[in-house]
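What follows is one structure encoded as structure tokens, with my remarks underneath.
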Ligand SMILES: Cc1cc2nc3c(=O)[nH]c(=O)nc-3n(C[C@H](O)[C@H](O)[C@H](O)COP(=O)(O)OP(=O)(O)OC[C@H]3O[C@@H](n4cnc5c(N)ncnc54)[C@H](O)[C@@H]3O)c2cc1C
């Protein structure tokens, strides 16, 4: 049965009410286009609510390209070009964001607008704006099937709401389900056999539904399906409370060395913690062991607080949640300790000696593993070690879109009336990163504007 309460004005439907969905909906509804957000969870917000709330973006094309040399340049440059206008639009709505000066990201300057006082408040604000403009939200619901006409134009969707199936006609469908960081099969296919060990940092509802629905009608997947944004965190038996992930994130892994259980280094740790997280998921049992000395600990392991709060010390905190940690006054003792965790101590000692030799005497890098920056030797006792695994925040591969946020088919042609934004899209970042909220903001607006422009009610 088709829903008729919207009359001839077929609405824009948006699947997912997180950053991208709420932005797209608010923009479309402000332009006077009837818009309905279908949200799987019992409230809107998705990972946006869990985020640090920093809407950040590179300042220019060359910085985007420097960090994302393998990213989709057309989409990446459009992201940069549309960022400040999108922020201006948010400000015109009275959105609670503050222009702040952010630390460099991998030595690259960036704009940063902070959700204030926090992302929860922003989520409530933007949800309220959408409703005030006349939008409608269906919670605890999802789309089961997309229905197209004989010209392959999307015509309607089947919604499962309260165990009931309803068919709603639409003029456009915008997919904004946040990617596939919580789908076991997609993760196994794209991230390998240890992917079931990933700690899910993002919301638990994003299980690739946008990708699956669009793929079922011939959508193309982007490059970088095996790429995700994440961080290193204490490995089991540590249990990290879901609302305290940031306290246990090992941002300083880029200053330390990492070995696997064979005792070998396996990546240039100095690139960034995100890349160490991606490299760790490929190691046995998705585990790596971070080793550092007192100098590194004092300089990078303890984050000085700027607001009178206690200093943040993820190593010390990890002991409280039963992480595998060791602190010893000699490397031999440290490694003996680690051999109880299954680490090969002889190879590990050789790796550390060879690494130190490389840093101090500029000899050839051990095991052919380079070390570009952060040339910190491991020489000053006491020595520290902690077992780590990978936390996944968002997936970076997804649906291939064009610069109008239209979902492309395998012949690179737009699927009529189908758009995607935020974590459901892919390829803008490729084994690199540049902000997740900015993707939802910029491409949420682009998707809504394109859907209105191409509005051809069926
Ligand atoms: C701990 C943490 C900190 C972060 N900090 C930052 C930060 O400071 N800055 C930054 O730029 N990024 C940050 N991010 C990333 C950022 O939050 C995400 O990139 C962003 O929220 C993605 O927006 P989205 O709309 O694509 O997905 P989401 O915001 O996750 O929204 C997706 C929505 O879709 C819903 N959904 C899923 N499946 C369905 C379905 N089948 N039907 C209906 N609804 C569905 C979900 O319930 C969810 O509400 C952080 C993320 C985490 C987890």
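Could you tell me what percent of the DSSP beta bridges with both partners in the chain are antiparallel, to the nearest 5?
Details: 50 of 68 bridges.
Counting DSSP beta bridges with both partners in the chain, the antiparallel share is about 75 percent.
Tell me, 292, 245 in order of fewest to most beta-carbon neighbours within 10 Å? Working shown, then result.
Values: 292 23, 245 18.
Listed from fewest to most nearby Cβ atoms, that is 245, 292.
Pop out the Kirkwood hydrodynamic radius of region 315-446 from its pairwise C-alpha distances, inverse of mean 1/r, in Å to one decimal. Could the numbers behind the result be given before it?
On the way: mean 1/r = 0.0525 Å⁻¹.
The answer is 19.1 Å.
Relative to the longest principal axis of the C-alpha atoms of the chain, give the angle of the C-alpha long axis of helix 437-453, reported between 0 and 90° and rounded to the nearest 10°.
It is inclined by approximately 20 degrees.
So what's the angle, to the nearest 10 degrees on a 0 to 90 scale, between helix 73-92 and the longest Cα principal axis of the chain?
Tilt of helix 73-92: around 70 degrees.
What does the helix-only formula give at 222 nm for the chain: each DSSP H stretch with n ≥ 4 adding -39500 (n - 2.57), the total divided by the residues, and the result rounded to the nearest 500 deg cm²/dmol? Could the numbers behind the result be given before it?
Working: 12 runs with 131 residues, N = 458.
When only DSSP H runs of four or more count, the value is -8500 deg cm²/dmol.
Going by how many other beta carbons lie within 10 Å of each one, how would you line up 157, 360, 407, 200, fewest first? Present the calculation step by step, with values, prior to reporting the outcome.
On the way: 157 21, 360 11, 407 32, 200 16.
By the 10 Å Cβ count, ascending: 360, 200, 157, 407.
By DSSP, what percent of the beta bridges with both residues in region 1-147 are antiparallel, rounded to the nearest 5?
Details: 10 of 17 bridges.
Expressed as a percentage, antiparallel bridges in region 1-147 total about 60.
Just how many % of Cα pairs in region 228-392 lie over 30 Å apart, if you round to the nearest whole percent? Numbers along the way, then the final one.
Details: 1202 of 13530 pairs.
Counting pairs separated by more than 30 Å, the tail of P(r) holds 9 percent.
Starting with the fewest neighbours, write out 257, 353, 217, 14 ranked by other beta-carbon atoms found within 10 Å of each beta-carbon. Intermediate values should be presented prior to the final figure.
On the way: 257 29, 353 13, 217 16, 14 34.
Result, fewest neighbours first: 353, 217, 257, 14.
How big is the C-alpha Rg of region 35-87 next to the rule-of-thumb value 2.2 N^0.38 Å, as a ratio? If you can, show how the numbers build up before the last one.
Details: Rg = 14.8 Å, N = 53, 2.2 N^0.38 = 9.9 Å.
Here the Cα radius of gyration is 1.49 times the empirical estimate.
So, in Å, what gap is there between the alpha-carbon centers of region 191-249 and region 37-101?
After rounding, the separation between the Cα centres reads 20 Å.
Cα atoms only, region 185-304: Rg and Dmax in Å?
For region 185-304, the Cα radius of gyration and maximum Cα-Cα distance read 16.3, 56 Å.
Using the alpha-carbon atoms, what tilt in degrees (0 to 90, nearest 10) does helix 345-361 show relative to the longest principal axis of the chain?
Rounded to the nearest ten degrees, it is 90.
Output the relative contact order of the chain, whole-number percent, from Cα pairs under 8 angstrom with separation of 6+ residues.
Values: 1075 pairs, mean separation 107.7, N = 458.
Across the chain, relative contact order equals 24 percent.
Return the Cα extents of the chain along principal axes one, two and three, sorted largest first, each rounded to a whole Å.
Over the chain, Cα extents along the principal axes are 76, 43, 40 Å.
Readers should treat all values here as calculations from the given coordinates under stated rules, not as data from a laboratory. Because the structure is predicted, anything quoted here is derived from the model rather than measured. Every residue, glycine as well, gets a Cβ built from its backbone with ideal geometry; the counts of neighbours run over all protein chains shown.
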